[in-house]
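What follows is a short report on a single structure.
The values are calculated or read from the model by the stated rules, or taken from the named source; none is laboratory data. The structure presented is a predicted model; accordingly, all values stated were derived computationally and were not measured. Cβ coordinates were reconstructed from backbone atoms using ideal geometry, including for glycine residues, and neighbour counts include every protein chain displayed.
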Amino acid sequence: MNIPRIHKIFNNPYIPFYCVCIFALLAVYLLYDNQFNKRVEGSIEIRLPFRSVGDRGHIFFTDKNDADHLVASTHFGYNLVISPLQLGDSKEIYEHLSEEIDLDQDIFFSKIQNDESQYEIIKRDLPESVRERIEKRISDYDLTGVWLESFKKREYIHGSLGSHVIGFVSVDDNDTTLGQYGIENTFNDVLTASNKTAQSPGDTLLEQLNELPPRGSDRAGNVFLTIDINVQKEIETQLRNVKQKWGAKKVGGIVMNPHDGSVIAMGAVPTFDPNNFSKVADYRVFNNPNVQDVYEMGSVFKALTVAIGLDSGRVSRNDTYTDHGSLTIDNRTISNYDGVGRGKNIPIQTILSQSLNTGAVFLLQKTTIGVYKDYLDRFRFNDVTRIDLPKEIPGLVDNLETGQEIEFATASYGHGIAITPIAAAKAFSSLANGGFIVEPHVLSRVEQPRKGGLISGTLTKNTRERKRIFREKITDQVTEYLIRVYDYAMLGGLLRNPQYSIAAKTGTAQLVDPATGEYAEGKFLHSFFGYFPARDPQYIIFLFAVDPKAKFASETLARPFSDLTDFLIAYYAIPPDR
C-alpha cells in the first residue's frame with residue numbers, strides 16, 4: 001500500500017468542497033425520491049421490465065393465480081404483393097417464390113391475368129421468419145414487380161371472449177389506431193404512444209397518473225384487468241346456453257367482488273369477434289348492455305325495499321300485513337303477479353319468498369316516500385356508476401321527482417324506474433358487504449414507460465371511497481331472508497346447497513315497447529342476483545335476459561346462476577360455511 005499517496009489525497013484542500021457537493025446532491029436525490037414516493041404511495045411503483053410490442057400496448061386478463069393472460073396485442077406480418085403491369089418473367093418469379101413459401105399456382109397466375117392492375121396480394125400474413133429469404137431472393141435474381149409489404153393489425157387472442165369489455169380498434173386515414181369500444185377506447189392514450197393518460201371518470205389511479213411528469217417516451221403502455229379469463233369463459237358459456245334454450249333476444253351477466261367492486265367477469269350475447277368487427281351487420285351489437293342499456297329490473301328490487309324499511313327504523317322485522325291480492329293508489333291498481341291475496345299476518349319473509357308486490361308497497365308506505373327517496377338518492381341511480389368502461393349511461397328515475405305515491409309504489413317492486421345491470425350489481429353489493437356502496441371497476445393496473453423507469457399503477461382499496469348505506473345488522477337480516485328464498489322458495493328448494501349458504505332473488509318485469517311507450521304484452525325482462533357464501537360473501541352475480549320465451553326468471557336464470565356458483569366455488573376452492 002502506498003501510504004504517502006493516501007496521505008497526500010486526504011490532505012488535499014479541495015476534499016471538504018467535494019464532500020459538500022456530494023452530500024448536497026445526495027440530499028436533493030433523497031428529497032425528490034421521498035416526494036415522489038409520497039405522491040404515489042400505495043398505488044404506483046417503479047419496476048422493470050416493460051413488455052411491449054409495437055406502437056400499441058397489450059391488454060391482459062388474469063386468473064386465480066394472478067397470472068397475466070394476453071388478450072389483445074399488435075400482430076406484425078408481411079403480404080406478398082405483385083404488380084401485373086411491372087411483373088417480369090412470371091414463371092421464373094413463381095418458381096423462385098414457391099421455393100421459399102407454399103404458393104398456390106392457380107391463385108398466382110390468376111392474379112397476374114389482370115395486366116392493368118398495379119397491386120395484387122398473392123399471399124397474406126407471412127411471418128418474419130421468411131422475410132429475409134424472400135427479400136434476398138428478389139434482390140439476388142432481380143425479380144421485378146414483386147415485393148413484400150409489411151403490415152400490422154390488432155389481434156384479439158381469444159376471439160369474441162370478453163369482447164364487450166375489450167372493444168376493438170379501427171385505423172384512420174393517417175394509419176393511426178383508435179380505440180372504439182371497451183378498454184381499447186377508455187385507455188386509448190395509455191395503449192398508444194401518447195403523452196396523455198386515459199380519461200376515465202372517477203378513477204383515482206388515473207388521476208394520480210395524470211399528476212405525474214410527462215412520459216418522455218414514445219412507447220405504449222399496457223393495461224391489466226380484473227377479469228379472470230376462466231370465469232369469463234364460464235359466464236359466456238352460461239349466457240349462450242340461456243339464449244339458445246329460451247330464445248332471449250339478449251342475455252348478460254356480471255360477476256363481481258362485492259367488497260371492492262372489482263369485476264371478475266362481464267359478458268353479453270349476442271357478441272362479436274373484434275378480429276372481424278367489420279363483418280358485423282348490426283353495429284348495436286358493439287354496445288355493452290351491462291353499462292349501456294337500462295331496464296326495469298322487477299322484483300329483485302324488493303330486497304332493497306326491505307333493507308331501506310328496516311334500516312330507516314320505520315319497519316320492524318316483526319311487522320305483518322293483510323294481503324288482499326291488490327290495492328289501489330292514485331286510481332291505479334297494483335296486483336300480485338297472480339292476483340291472489342295471501343290473507344292476514346303476512347310477514348316480510350313471505351313478501352320476499354313469494355315476491356308479493358302488495359307487500360313491497362306495504363313496506364314503502366310504512367317507510368314513507370320521503371325517507372324511501374332519500375335512500376334511493378344515496379345509490380345515485382340517476383348518475384353513472386363511474387366504471388372504467390366507455391359510454392355508460394345513467395338510470396331513468398326522473399319520475400320519482402314528481403313526488404307521486406304511485407311512482408314510488410311501483411318502484412318498490414322494481415317497475416317504473418330503469419337502471420343498468422352494473423348499477424344493479426353495485427346496489428345489491430351493499431347487501432353482501434355489510435352496507436357499503438362500492439365503485440365497480442375492471443382496471444387492475446397500468447404500465448407506462450416514463451423518464452427514469454416504468455410507472456406501474458395498481459389500484460388499492462384506499463384509493464376508492466366506500467360509503468355506508470345500511471347498517472351491517474340490517475344487511476345481515478336481509479341476507480337471512482334471501483337465504484331462505486333460495487333454500488326453500490326458489491324452484492321449491494331444488495337448488496339448495498347443503499354446504500354453502502346462498503342469498504338470492506329473482507325479478508320479472510314487463511318490457512316497454514319503444515314504439516308505443518307502453519308495456520308490451522307477453523314480453524319480459526328477467527333478472528337475478530345472488531351472493532355467496534352468504535354469511536361471508538366472496539362474489540356477487542347479476543344475470544339478466546331480455547324477452548326470453550318464459551314468464552318467470554326462476555325458469556330461465558336460477559339454474560345458470562346455480563351452475564355458475566358451483567363453478568366459482570370449485571375454481572376458487574371456497575371453503576363451505578355450513
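When the strands (runs of 3 or more DSSP E) confined to the range 30-147 are screened for residues that are modelled with pLDDT of 85 or more, those reaching at least 2 such residues are found at 59-62, 69-82, 120-126.
Is there a residue in the range 515-525 that is under 18 Å from Glu236 (Cα atoms), in the same structural domain as Leu356 (by TED's automatic domain parsing), crowded, with 24+ Cβ neighbours inside 10 Å and modelled with pLDDT of 95 or more?
no
Evaluated against (1) surrounded by fewer than 20 Cβ atoms within 10 Å (Cβ to Cβ); (2) modelled with pLDDT of 95 or more; (3) in a loop (DSSP other than H, G, I, E, B), Glu465 falls short on exactly one condition, (2).
Confirm whether Val294 is of a type outside the set (Gly, Ala, Ser), surrounded by 24 or more Cβ atoms within 10 Å (Cβ to Cβ) and under 27 Å from Thr508 (Cβ atoms). Judged against the criteria, Val294 is not a match. The set of residues in the range 365-404 that are touching a Phe, Trp or Tyr at 6+ places or on another chain (Cβ under 6 Å) and among the aliphatic types (A, V, I, L, M) comprises Ile369, Val397. In the range 325-349, the residues that are in contact (Cβ under 8 Å) with a residue 60 or more places away in the chain form Cβ pairs under 9 Å with partners that are part of a strand (DSSP E or B), at six or more places apart or across chains, as follows: Ile334/Ser326; Ile334/Leu327; Ile334/Thr328; Tyr337/Thr508; Ile348/Thr320. Is it the case, given these coordinates, that Asp547 is in the same structural domain as Leu239 (by TED's automatic domain parsing), acidic (Asp, Glu) and exposed (fewer than 15 other Cβ atoms within 10 Å of the Cβ)? No; evaluated as a whole, the condition is false for this residue.
Within the range 483-500, the residues that satisfy the criterion of being surrounded by 14 or more Cβ atoms within 10 Å (Cβ to Cβ) and part of a helix (DSSP H, G or I) are Ile483, Arg484, Val485, Tyr486, Asp487, Ala489, Met490, Leu491. Here Gly434, Gly414 are screened, and the one residue that is buried (at least 24 other Cβ atoms within 10 Å of the Cβ), assigned to a loop (DSSP other than H, G, I, E, B), at positive phi and at pLDDT 95 or above is Gly414.
Matching residues to (1) of a type in the set (D, E, K, R); (2) surrounded by fewer than 22 Cβ atoms within 10 Å (Cβ to Cβ); (3) touching a helix residue (DSSP H, G or I) at 6+ places or on another chain (Cβ under 7 Å); (4) not assigned by TED's automatic domain parsing to the domain that holds Gln180:
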| residue | (1), (2), (3), (4) |
| --- | --- |
| Ile264 | no, no, yes, yes |
| Asn275 | no, yes, no, yes |
| Tyr283 | no, yes, no, yes |
| Leu304 | no, no, yes, yes |
| Ile334 | no, yes, yes, yes |
| Asp338 | yes, yes, no, yes |
| Ile346 | no, yes, yes, yes |
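If the condition is being surrounded by 22 or more Cβ atoms within 10 Å (Cβ to Cβ) and not in a helix (DSSP H, G or I), then the range 550-572 contributes only Leu557. Could you go through the range 190-213 and let me know if any residue there is at pLDDT 85 or above, surrounded by 24 or more Cβ atoms within 10 Å (Cβ to Cβ) and outside the structural domain of Val384 (by TED's automatic domain parsing). For the range 190-213, residues at pLDDT 85 or above, surrounded by 24 or more Cβ atoms within 10 Å (Cβ to Cβ) and outside the structural domain of Val384 (by TED's automatic domain parsing): present.
Tallying residues that are over 14 Å from Thr144 (Cβ atoms) and of a type in the set (A, V, I, L, M, F, W, C) within the range 68-105 yields 7. The condition of being free of Cβ contacts under 8 Å to residues at least 60 places away in the same chain, of a type outside the set (S, T, N, Q) and surrounded by 13 or more Cβ atoms within 10 Å (Cβ to Cβ) holds for only one of Ile82, Ile93, that being Ile93.
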